[in-house]
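*Asks:* Once you've had a glance at the structure underneath, I'll fire off some questions.
The values are calculated or read from the model by the stated rules, or taken from the named source; none is laboratory data. All of these numbers come straight from a predicted model, not from anything done at the bench. Note that each Cβ is placed from the backbone with ideal geometry, even for glycine, and that neighbours are counted across all protein chains shown.
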């Protein structure tokens with residue numbers, strides 16, 4: 001089930017973001033991500049429209065939209081490769097006529113995923 005984010009989801013979302021960031025952005029220091037946790041919770045989540053994916057009542061991924069931009073899309077490492085990211089992208093596409101995304105150039109897995117979902121990333 002995909003549903004709207006609730007403030008009570010913060011800890012689950014931040015843990016998914018942190019765990020997935022360390023794996024998918026292994027070219028960036030783990031210390032950087034540890035410092036960024038506070039920004040995610042206090043700065044980015046409050047300004048974003050966020051949706052979470054639940055499996056058996058547990059949050060396994062989320063997407064955050066800021067205007068027509070995907071600010072975040074993260075899936076728990078244990079649940080990656082199961083179509084959850086595509087489901088969340090499709091949810092975003094259903095509520096936005098246009099969507100943009102930026103990806104770290106060294107994150108080739110994300111590049112491939114977003115291209116598969118129809119995005120052009122220069």
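*Asks:* Run residue 74 past the list (1) in contact (Cβ under 8 Å) with a residue 40 or more places away in the chain; (2) over 19 Å from residue 3 (Cα atoms); (3) touching a strand residue (DSSP E or B) at 6+ places or on another chain (Cβ under 8 Å) and report the number of the one that doesn't hold.
*Replies:* (2) is the only condition that residue 74 fails.
*Asks:* Still on this structure, I have one more. Would you point out the residue of the stretch 1-36, among those that are touching a strand residue (DSSP E or B) at 6+ places or on another chain (Cβ under 8 Å) and more than 18 Å from residue 57 (Cβ to Cβ), that is modelled with the lowest pLDDT?
*Replies:* Of everything passing the filter in the stretch 1-36, 21 is modelled with the lowest pLDDT.
*Asks:* Name the residues in the stretch 96-122 that are farther than 21 Å from residue 41 by Cα and touching a strand residue (DSSP E or B) at 6+ places or on another chain (Cβ under 8 Å), would you?
*Replies:* 96, 99, 100, 114, 119, 121
*Asks:* So, one more: Looking only at the stretch 80-122, how many residues end up being touching a helix residue (DSSP H, G or I) at 6+ places or on another chain (Cβ under 9 Å) and under 19 Å from residue 18 (Cβ atoms)?
*Replies:* Summing the residues that are touching a helix residue (DSSP H, G or I) at 6+ places or on another chain (Cβ under 9 Å) and under 19 Å from residue 18 (Cβ atoms) in the stretch 80-122 gives 7.
*Asks:* Write out, first by first residue and then by second, each pair whose Cβ atoms fall under 6 Å of each other, whose residues are 6+ apart or on separate chains, and whose first residue, in the stretch 27-56, is on the phi < 0 side of the Ramachandran plot and free of Cβ contacts under 8 Å to residues at least 12 places away in the same chain while the second is part of a helix (DSSP H, G or I) and surrounded by 11 or more Cβ atoms within 10 Å (Cβ to Cβ).
*Replies:* Hits for this filter: 30/22.
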